[in-house]
1. Select the helices (runs of 4 or more DSSP H) contained entirely in the stretch A:63-169, then report the ones holding at least 2 residues which are within 14 Å of chain B (Cβ to nearest Cβ) and either in contact with an Asp or Glu (Cβ under 6 Å, 6 or more places away or on another chain) or under 30 Å from A:T237 (Cβ atoms) (or both).
2. Can you tell me which of B:L113, B:L88 is in contact (Cβ under 8 Å) with a residue 24 or more places away in the chain, surrounded by fewer than 20 Cβ atoms within 10 Å (Cβ to Cβ), assigned to a helix (DSSP H, G or I) and within 14 Å of chain A (Cβ to nearest Cβ)?
3. Within the stretch B:1-33, can you find the residues that are part of a loop (DSSP other than H, G, I, E, B), at the interface with chain A (Cβ under 9 Å from one of its Cβ atoms) and farther than 11 Å from A:S141 by Cα?
4. Picking from A:G107, A:G124, A:G113, which residue would you name as being within 19 Å of the chain's Cα centre (by Cα), at pLDDT 85 or above and buried (at least 19 other Cβ atoms within 10 Å of the Cβ)?
5. Output the residues belonging to the stretch B:205-259 that are polar (S, T, N, Q) and in a helix (DSSP H, G or I).
6. Is it true that A:I166 is of a type in the set (V, I, T) and surrounded by fewer than 24 Cβ atoms within 10 Å (Cβ to Cβ)?
7. Need the failing condition index for B:G122 against (1) farther than 30 Å from A:L118 by Cβ; (2) small (G, A, S); (3) within 14 Å of another protein chain (Cβ to nearest Cβ), just the number.
8. Of all residues in the stretch B:7-35, which are of a type in the set (A, V, I, L, M, F, W, C), surrounded by 14 or more Cβ atoms within 10 Å (Cβ to Cβ) and either farther than 22 Å from A:E126 by Cα or touching a Pro at 6+ places or on another chain (Cβ under 7 Å) (or both)?
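The values are calculated or read from the model by the stated rules, or taken from the named source; none is laboratory data. Because the structure is predicted, anything quoted here is derived from the model rather than measured. Virtual Cβ from ideal backbone geometry, glycine too; neighbours counted across all protein chains shown.
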Amino acid sequence: MTIETIEHVLPPIVENRSNDGCFVQLDNIVLRYPIGPFVKGSIKTGLFSLFGHTPLEARHKRPYVTALDGVSFSIKRGERVGIIGRNGAGKSTTLLTIAGIYPIAGGKLTVQGKIQALFNIGLGFEPDATGRENIIYRGLSMGCAPAEIRERAEEIIAFADIGDFIDMPLRTYSSGMYVRLAFSISTYLEGDILLIDEVFNAGDAAFQKKAVARIRNLVTTAGLVVMVTHDMSIVNTACTRALWIDRGRLHMDGPAQEVAAAYLKETAG
Amino acid sequence: MRYLKDIVQYRHFWVHLALSGLRARFRRSYLGIFWVALQPLILTLIISTVLNFVFHMTFVEYSIYIFSGLIAWDFLKGCVDFGAASFLTAEGYIRQVRLPMAIYPLKAVLYCLIVFGMAFGGFALYTLLLDPGCFSWHWLYVFPFLVTLVVFGAPLAVISAIVNIKFRDFEQFIGLVLQIVWYISPVFLPREVFDKPLLRDWTAVNPVAALMDLFRQPMLHGITPDRESYGLVFLWALGLWALAVAMLARNERKIIFYY
């Protein structure tokens, strides 16, 4: 039986709140991803196993994959933290765990503050709705009051800078426009904790520059920023601290430039 | 309690989702929202014509009976169908923000309720045109009926949502079950058929039959809905709610792993 000691606070609707007390703390977090739902198979695989084909289920010794294995760190207000590591190391999982999306199998997670997440550009948007409508949906899903969203809408539209497309359905957007809008929404709808997962790649160079600058300034509106990226130049320029995650464990934690340099050294060699 | 508070707190969000579902369904369609009433109307006309032709039933009276049955049935079927799809279609939100899972099936119920409201408008208009004698102050009983529908339909949506995310066969299978229930409940076949010895015992415990009675007694016959039917539906609802809440408590945090 897994013990769940999650003390996750759903973002409350509070206007004019201050983000003074926001922080993220992970104590010995263990996250197990059950593989049951994917390897259970169908009647077809069941029949194949009759003819000596080993079903996927039998090939796994345990019914889960340990995605995070005793990860501990805490992030204070004002920090801009980059999470780096190889593919499949657990970077995105860490971010999703902070957001409270995944239930943890052990340890303690304490999150204080309103979360604003930008995980996957394609997710959480209604392709048939216009950009303007999507700003509202996104805001509502964060728990913002409709009036608060309307207040910020113009700023979001101005930063996204996609012209008349703002009143067109999202289906008609290029991937670059998508990123611009998503990034703009996520950084302008005030959250205390901003979580970003590799979304810089799709925008053009000009927008990327603008985005990095925006992240750097974000501490004034967002309390703290945690981002996953493979781009060390972003880590070097926009982050104050970096966490290197390797095979579900925290491998290195320190000033952004130092960790980025160590990571580059190891991956190069 | 905390959970209920969160559901209420995020009401703007799921109400918006329900409305956007409605907008998406009729986007770029010429008749748009009118389809909500047109669909059951046209189906009513077809069934009434056939039965009038084959069994010589009175067209007007019978068509009003069918229309009322179809719109109430569409609500129940919608709760199960849209409920089943609700976690799957909300994947983008579920993977991005942690919100109470119940809001997604509840969104489906709200959607069905809005559709029912509009279809009811069509039904009222149809009745007014063809048989104005049906109208009486008893039509006010539509309000307690709406409450009853939601109380019965909401746990259905929650249960479908959870079962379907875990066992994708559910969506395929439940269609058949609903088809059977539709045939053995007084949706379009005359009410008296269901009091025959073969079906009598089943009808006595069938919540769909009770719901149809609660709807039709005031609308079609100008009488106060009977207490036994209310009792039966609420008894079913109680059982369904107990199941829905237990399933939700058990699966709420695990749903993310089933995508």
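1. Answer list for the stretch A:63-169: A:91-98, A:131-141.
2. None of the other options fit; the residue is B:L88.
3. B:R27
4. None of the other options fit; the residue is A:G113.
5. If the condition is that a residue be polar (S, T, N, Q) and in a helix (DSSP H, G or I), then B:Q217, B:S229, B:N251 are the ones that fit.
6. Here the answer is yes, as A:I166 does meet what is asked.
7. That leaves (3) as the condition not met.
8. B:I7, B:F34, B:W35, listed by residue number.
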